[in-house]
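Structure record follows, encoded as structure tokens.
The values are calculated or read from the model by the stated rules, or taken from the named source; none is laboratory data. Because the structure is predicted, anything quoted here is derived from the model rather than measured. Counting neighbours? That spans all protein chains shown, and the Cβs are built from the backbone with ideal geometry, glycine included. Accessible surface is based on the protein model in full, side chains and every heavy atom, while ligands, DNA and RNA are left aside. Shrake-Rupley method; radii C 1.70, N 1.55, O 1.52, S 1.80 Å.
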Amino acid sequence: MNIASIKSQFPIFKQQTPLGKELVYLDTASSAQKPQSVIDAISGFYSGYYANTGRGSYWPAHKATTTFESVREKVARYINVQSKDQVVFTSGTTDSINKLVNAHVIHSLESGDQVLVSEMEHHANLVPWQEACKLKEANIKAIPINEEGEIDFEALELLLKAKTAFVSITAISNVLGTVNDVSRITALAHKAGAKVFVDAAQAIAHKTVDVKTWKADFLAFSAHKLYGPTGVGILYMADDLVNQIKPLSFGGGMITEVGIEESGYRKGPQRHEAGTQNIAGVIGLGAAIDFVDTLPEFELHNHLNELTSLAYELLSEIQGVNILGPEERAGVISFTVEGIHPHDLSTFFNEQGVCIRAGHHCAQPLMNKYKVPATARVSFGIYNSKEDVMTFIKVLKETKAFFE
Ligand SMILES: Cc1ncc(COP(=O)(O)O)c(C=O)c1O
């Protein structure tokens, strides 16, 4: 893969930082940069055929509606689901989980039921479940992770002996980079009678989401981590759940007929999409999938794996650096450096034009487990090169030398 030519499609890299440095962006796990094609698709909608969807019969409305709906098909193919009608647009992963919990989980949970999350969950896949459990007097428990930062399957099997309604698990950890064996988790959970929600926020950019193989009951991702726009994402529901569960929200567009006291609700994903949708965002998501589709899958994996392995190897050689999580991982490395606070690290990196993250990464239970308040984190995208990794290591060594 020609990374220089791919990188040239991302306009943000054409400028220098305010301090006159080349921009090295190592925070794709937080949000990915946008290629020109995504930006053009969004501005093309606003300037070429702007109208609301699902309402008007005039041509911009027709074109907006067909383009919007075509993205549902692209998403369905991209994550390998049976039907586009199982894909509901939301404003992102967090929104998907909150809506699912409020519309469905709190109605199906019974007092004393168990909900399982894991110790490596992002707050987005933890706090909404906590609230549901509090409301329904259900028990929330965490599947422990082992020394390597991987799911402890023995512990999971033991936990599943209690009556479990839901298992909610991330496919890839945004802190450890751990790639969870989702198929194994769903098989165990289903055998115990639990439904499984998969947080695919990180996995989506690795082109590894495969709902048919994973057999997830629910799955969500955000477009902005897939080189698409912010404020848009999806919630997938298996089988006929789209028509069976309560609507995720209520209002215009999702009804069949409305009276003062009662209303009827549509079938299909539109049942859950009340009000004017993030049309530009959905169209941008379609362009993002088109963009990722141009990248050969095997080479995409190889590229991200090579960068991650190289950074892991070079980091491990530096004294005083401690890396969290397993060696086998996807695109994310969290680490601490003896004697330097992660926020000081990221400030020094910023001065050299290198964007790295510092903080708890919305995973405080995991930070507690590792007994650190925060870590530094680098993560890679399709525009990163080996030179970016070398710059990162060079700046880290310089920063360390400064503090010594
Ligand atoms: C694993 C994981 N889950 C959920 C989220 C939340 O995604 P969003 O902020 O797009 O809703 C993130 C974002 O970093 C994440 O990494």
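Would you look at the GNM of the chain, springs on alpha carbons closer than 10 Å, and say which of S334, S37, S118 moves the most? The residue that fluctuates most here is S37.
The share of accessible area on the stretch 40-293 that comes from carbon and sulfur is 50 percent, using a 1.4 angstrom probe. Across the stretch 368-378, coupling constants 3J(HN,Hα) worked out from phi with the 6.51/-1.76/1.60 Karplus curve, θ = phi - 60°, read 4, 4, 7, 6, 10, x, 6, 9, 8, 9, 10 Hz, and Gly and Pro carry x.
Available extension along the chain between T347 and N52 is 101.9 nm, counting 0.36 nm per residue and deducting the alpha carbon span. Here the stretch 28-155 is assigned +1 on the Cβ of each Lys and Arg and -1 on the Cβ of each Asp and Glu. Its dipole about the Cα centre then comes out at about 1040 debye.
The HN-Hα couplings worked out from phi for the stretch 385-400 by the Karplus form 6.51 cos²θ - 1.76 cosθ + 1.60 (θ = phi - 60°) are 10, 4, 4, 4, 5, 5, 4, 4, 5, 4, 5, 5, 5, 5, 5, 4 Hz, whole numbers, x standing for Gly and Pro. Of the residues P128, F68, V38, the one whose Cα sits farthest towards the positive end of the charge dipole of the chain is F68 (charges of +1 on Lys and Arg Cβ, -1 on Asp and Glu Cβ, taken about the Cα centre). Comparing H361, H341, H122 in a Gaussian network model of the chain where C-alpha atoms under 10 Å apart are linked, the largest mean-square fluctuation is found at H341. If you take the square roots of the eigenvalues of the alpha-carbon gyration tensor of the stretch 40-293 and sort them as a ≥ b ≥ c, do you get rounded (a/c under 1.5), prolate (a/b over b/c) or oblate? Oblate is the answer for the stretch 40-293, as a/c is 1.5 or above yet b/c matches or exceeds a/b. When you restrict to C-alpha pairs under 8 Å that are six or more residues apart and normalise by the size of the stretch 40-293, the relative contact order lands at 24 percent. Between Q130, Q36, Q16, the residue with the greatest mean-square fluctuation in the GNM of the chain (Cα pairs under 10 Å linked by springs) is Q16. Between E257 and S70, the FRET efficiency estimated from the beta carbon spacing at R0 = 30 angstrom works out to 0.60.
The dipole here belongs to the stretch 40-293: it is taken about the Cα centre, uses +1 on the Cβ of Lys and Arg and -1 on the Cβ of Asp and Glu, and is about 620 debye. Using θ = phi - 60° in the Karplus curve 6.51 cos²θ - 1.76 cosθ + 1.60, the 3J(HN,Hα) couplings for the stretch 53-70 round to 9, x, 10, x, 10, 7, 5, x, 5, 5, 5, 4, 5, 5, 5, 4, 5, 5 Hz; x is entered for Gly and Pro. Each of H190 and I318 was given a label point 7 Å from its Cα along the Cα-to-Cβ line. The distance between the two points is 4.4 nm. Taking the DSSP beta bridges with both ends in the chain, the antiparallel portion is around 60 percent.
Measuring with a 1.4 angstrom probe and ignoring ligands and nucleic acids, L135 comes out at about 120 Å² accessible. Ignoring lysines fewer than eight residues from K134 along the same chain, the ones with Cα atoms less than 18 angstrom from its Cα are K99, K163.
Largest to smallest in accessible area, the residues K397, K136 fall in the order K397, K136 (1.4 Å probe, all protein chains included).
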